[in-house]
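**Student:** Can you read through this structure? Questions will come right after.
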Amino acid sequence: MKQVVIFAGTTEGRKLSEYLAEVGVQHTVCVATEYGELAMAAHPMVKVHQGRMNRQQIKDFLVKGSYAVAVDATHPYAEIITRNVKGAAEEAGIPYLRFQRETADKDNGVTFFEKHEDCAHALERTEGNILLTIGSKELSAYCALDKLKDRLYVRILPSAESILLCEEHGICGKQVIAMQGPFTAKLNEAIMQQYGISCLVTKESGISGGYPQKIEAAARIGVKVFVIGAPREESGYSFSEICRKLEKICQRQFPPANQMDIVLAGAGMGSPGCLTKEVQKAIQDADILLGAERLVRQYHSKLEIRPFYLAEQIIPYLQEVQRRNLFAGKVVILFSGDSGFYSGCRLVYAALREEIENHRLYASLRILPGISSVAYFAAQIGESYQDADICSVHGKTLHSLICRIRNNPRTFLLTSGVKDVNRLGELLLTADMAYCEVMAGYQLSYQEQIIQKLTPRECCEVKAEGLYICFVRNPRAKERRLTHGRKDTEFVREQVPMTKEEVRDVSICKLQLHERAIVYDIGSGSGSVAVEIAALSERIQVYAIERKPEAFSVLEKNRKRFGFENISLVHAEAPEAFAGLPMATHAFIGGSGGKLKEILRELYQCNPAMRVVVNAISMETICELKELLLAYPIREPEIVQLQANRVREIGQYHLLQAENPIWIFAFHFEERTE
């Protein structure tokens with residue numbers, strides 16, 4: 001296979017070498033310094049040549065090595081080496097490919113200079129400390145001016161050559177910041193604040209050189225920016241364009257050059273100490289790091305950090321990164337806790353998978369789990385969680401929570417913050433459950449972590465804002481009822497009609513409900529049917545529709561009495577009440593207000609596969625319903641006449657007391673085939 005030689009010195013050169021090594025292309029990387037050699041990752045496909053060469057030496061090197069192509073990925077400011085590599089390649093008769101580094105837009109509020117000498121003289125008219133991020137080779141222009149020298153802080157590569165140049169110009173000790181970039185905006189900001197910088201001097205080094213991050217950091221804290229404009233260079237090629245040219249020269253096809261390795265990682269509670277080793281390694285290797293601000297702000301990446309954690313933020317950003325060829329090989333997206341436990345990871349994973357499968361994003365995709373807040377908190381308080389109820393109330397109301405706590409001796413509660421803790425206390429007190437014990441975990445894993453035992457009343461008084469998780473112990477927990485069958489006397493009724501207990505039981509059975517059913521309870525009255533249905537599963541959503549004000553008032557009282565969050569009250573007349581509601585899967589008609597024909601028509605139009613149960617007591621309704629059903633295609637029709645007799649004790653005798661007979665019509669609508 002034909003050999004490739006890369007003259008490196010930039011992120012582009014290192015990335016190209018890593019990519020060629022990954023796809024199995026043998027090549028040589030030429031670097032000027034020992035530090036440059038150390039920055040190259042060892043790989044059997046890579047040879048590294050260290051040392052400076054003039055034009056003739058470069059030509060001899062190319063000829064002796066029988067190289068097929070020379071790739072120039074040296075720094076845009078290294079004009080001499082660029083001229084030498086280009087000339088040597090022409091004389092050796094091999095192709096020359098020059099990287100064209102993408103530059104950032106010129107920002108308002110930034111002063112540009114063509115020469116270092118002009119910039120140095122302008123700095124004389126400023127006050128305060130100066131941060132130079134221009135490397136060590138141009139120090140002479142700034143150190144020659146006595147008014148500047150004592151104010152200079154120089155950020156350089158941590159190489160012996162760079163440090164020696166600083167010492168030769170009288171820059172030493174605390175004035176030297178020897179660090180390997182690229183740097184995030186946060187780190188740039190921290191350095192400038194640490195050294196009290198008033199003015200930043202940088203080169204227009206482009207996006208991969210960290211120029212936008214410097215500008216962003218300076219803007220945040222009001223630091224002036226002096227920029228040495230990038231020298232004009234001849235047109236070159238982007239990363240992907242160079243890869244396509246190398247394909248032809250090497251006579252083989254490469255996989256997409258800018259394919260990403262995307263990792264969705266559980267970051268635990270947020271503290272670095274809670275990361276798994278796998279996630280820790282992924283963050284260390286990340287070119288781009290994404291996630292909520294509180295998660296990403298404590299880490300560094302090789303290229304960029306952005307506070308993105310929603311699919312609608314992440315996908316356009318990654319597509320733009322690939323369009324700009326930013327060499328973002330490794331992308332890590334952090335999610336709090338465990339990636340598979342009440343996490344946004346699932347939705348982001350599905351959205352990214354769709355983009356990849358439709359070739360709108362070129363990437364591999366994998367998930368790394370983390371430590372959930374429940375696992376961490378349970379360990380802190382000495383509890384297990386395999387037999388506890390676990391509930392998340394992020395962005396939800398807490399009414400149905402009381403039902404869960406009432407039926408479970410141990411409940412873990414993931415909250416949205418201090419307001420949920422306060423509301424938990426209020427609900428426990430309102431439900432006469434002040435005997436419950438609450439353990440609250442605040443800012444878990446962080447230095448300010450607090451774990452405290454609270455009474456419900458003390459929960460109401462918690463003030464500190466932050467992240468909370470709660471554990472509720474209920475010593476009087478009752479086993480949750482698995483069937484409907486509440487007694488009529490459990491409901492508030494007043495003068496409002498109510499579907500009686502036995503009729504309720506049979507009618508709900510005939511509905512054939514399933515998890516995530518959406519039910520219209522039409523003519524809800526006291527709400528007894530709505531309550532019984534809602535109690536079967538918190539995943540069922542019931543819309544209790546009632547037009548009469550006095551009945552609606554009783555309906556509100558019963559919802560509050562039983563505390564089911566999955567009942568929504570609709571004070572309106574059917575079928576007009578259906579407008580704006582989610583499509584129902586099931587409907588129970590306990591009262592039609594004389595509009596049975598209109599109600600059935602709207603239900604069929606809403607969902608021609610709906611399961612419907614109708615209760616009828618009068619002969620007129622029974623006859624009307626029998627005729628109306630002939631107008632619709634239906635399947636599995638059932639008609640049940642039910643009469644219950646209850647035993648009433650009078651003195652020493654037990655007498656039967658008859659309830660009104662009820663007709664129960666049950667059927668599935670079926671979509672018309674013609």
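Coordinate-derived values only; no laboratory data. This one's a predicted model, so the numbers in the text were calculated from it and none came from an experiment. A quick note on method: Cβ atoms are made from the backbone with ideal geometry, for glycine too, and the neighbour counts reach across all protein chains shown.
**Student:** Which percent of the Cα-Cα distances in region 488-669 go past 23 Å?
**Tutor:** Counting every Cα pair in region 488-669, those more than 23 Å apart make up 39 percent.
**Student:** Based on C-alpha coordinates, I'd like the Rg and Dmax of region 48-156, in Å.
**Tutor:** 18.8, 55
**Student:** Would you mind listing how long region 228-323 runs along its three principal axes, going by Cα atoms, in whole Å with the largest first?
**Tutor:** That works out to 49, 39, 25 Å along the principal axes.
**Student:** Mind scanning K203/K224; K214/K302; K487/K548 and naming the pairs with a C-alpha gap bigger than 21 Å?
**Tutor:** Too far apart for the 21 Å limit: K487/K548.
**Student:** Further, regarding this structure: Can you give the FRET efficiency to the nearest 0.05 for E671 and I639, using r as the Cβ-Cβ distance and R₀ = 25 Å?
**Tutor:** Computed FRET efficiency for E671 and I639 comes out at 0.65.
**Student:** Roughly how many nanometres apart are two label points built 7 Å out from the Cα toward the Cβ at A160 and A351?
**Tutor:** Each label point is offset 7 Å from its Cα along the Cβ direction, giving 5.1 nm.
**Student:** No solvent, one uniform scatterer per C-alpha: report log10 I(q)/I(0) for region 558-651 via the Debye equation at q = 0.18, 0.20, 0.25 1/Å, two decimals.
**Tutor:** -0.97, -1.12, -1.44
**Student:** D for region 300-356, whole µm²/s, Stokes-Einstein with Kirkwood Rh over alpha-carbon pairs at 25 °C and 0.890 mPa s: what number?
**Tutor:** 199
**Student:** Based on alpha-carbon positions alone, could you give the equivalent ellipsoid semi-axes of the chain from the gyration tensor, as √(5λ), descending, whole Å?
**Tutor:** Semi-axes, largest first: 72, 31, 21 Å.
**Student:** Pairing the Cα long axis of helix 79-92 with the longest principal axis of the chain, what angle in degrees results, from 0 to 90 and rounded to the nearest 10?
**Tutor:** 80
**Student:** Given the peptides 3-9, 387-393, arrange them by the average over their residues of other C-beta atoms within 10 Å, most packed first.
**Tutor:** 3-9, 387-393
**Student:** Mind checking which aspartates and glutamates have their Cα closer than 15 Å to the Cα of K281? Skip sequence neighbours fewer than 8 apart in that chain.
**Tutor:** Of all the aspartates and glutamates, those that pass the test against K281 - Cα under 15 Å, at least 8 places apart if same chain - are D261.
**Student:** While we're looking at this one, here's another question. What do the square roots of 5 times the Cα gyration tensor eigenvalues come to for region 328-406, in whole Å, largest first, as semi-axes of the equivalent ellipsoid?
**Tutor:** So the equivalent ellipsoid measures 33, 17, 9 Å along its semi-axes.
**Student:** For the chain, what does the helix formula give at 222 nm: sum of -39500 (n - 2.57) over DSSP H segments with n ≥ 4, over the residue count, nearest 500 deg cm²/dmol?
**Tutor:** Calculated from helices alone, the mean residue ellipticity at 222 nm is -10000 deg cm²/dmol.
**Student:** Show me 213-222, 122-131, 581-590 ranked by packing, highest mean number of other Cβ atoms within 10 Å first.
**Tutor:** Those peptides, ordered most packed to least, come out 581-590, 213-222, 122-131.
**Student:** Turning to a different aspect of this structure: Could you work out the equivalent-ellipsoid semi-axes for region 609-673, taking the square root of 5 times each eigenvalue of the Cα gyration tensor, largest first, in whole Å?
**Tutor:** Working through the eigenvalues yields semi-axes of 36, 12, 6 Å.
**Student:** Right, something else. Please list, or write none, the aspartates and glutamates whose alpha carbon is within less than 12 Å of the alpha carbon of K453, excluding same-chain residues fewer than 8 places away.
**Tutor:** Counting by Cα, and skipping residues close in sequence, K453 has these aspartates and glutamates nearby: E437.
**Student:** List the trypsin sites (Lys or Arg not before Pro) within region 587-674 that fall in a DSSP loop (any state other than H, G, I, E or B) and whose Cβ has at most 14 other Cβ atoms within 10 Å.
**Tutor:** For trypsin sites (Lys or Arg not before Pro) across region 587-674 that sit outside H, G, I, E and B with at most 14 neighbouring Cβ atoms in 10 Å, the list reads R672.
**Student:** Along its three principal axes, how long is region 260-370 when you only count alpha carbons? Whole Å, largest extent first please.
**Tutor:** 36, 28, 21
**Student:** Something else about it: Which distance in nm do the two modelled labels at Q284 and E167 give, with both placed 7 Å along the Cα-to-Cβ direction?
**Tutor:** For Q284 paired with E167, the spin-label model returns 3.1 nm.
**Student:** Taking the Cα-to-Cβ direction at N407 and at R83 and moving 7 Å from each Cα, how far apart do the two end points lie in nm?
**Tutor:** For N407 paired with R83, the spin-label model returns 8.3 nm.
**Student:** Write down the radius of gyration of region 110-228 and its Dmax, each obtained from C-alpha positions, in Å.
**Tutor:** Expressed in Å, the Cα Rg and Dmax of region 110-228 come to 12.9, 34.
**Student:** Rounded to the nearest 0.05, what FRET efficiency do K149 and Y317 have when you use their Cβ-Cβ distance and R0 = 56 Å?
**Tutor:** It comes to 0.85.
**Student:** How much length is gained if the chain between Q193 and D60 is pulled fully straight, taking 0.36 nm per residue apart and subtracting their Cα-Cα distance, in nm to one decimal?
**Tutor:** The span from Q193 to D60 would gain 43.0 nm if fully extended.
**Student:** Stokes-Einstein D for region 348-389 at 20 °C, 1.002 mPa s, Kirkwood Rh over Cα pairs, in µm²/s?
**Tutor:** Answer from the Stokes-Einstein relation: 163 µm²/s.
**Student:** Compute the length gained on full extension between N422 and Y632: take 0.36 nm times their separation in residues and subtract their Cα-Cα distance, giving the result in nm to one decimal.
**Tutor:** Gain on stretching N422 to Y632: 70.4 nm.
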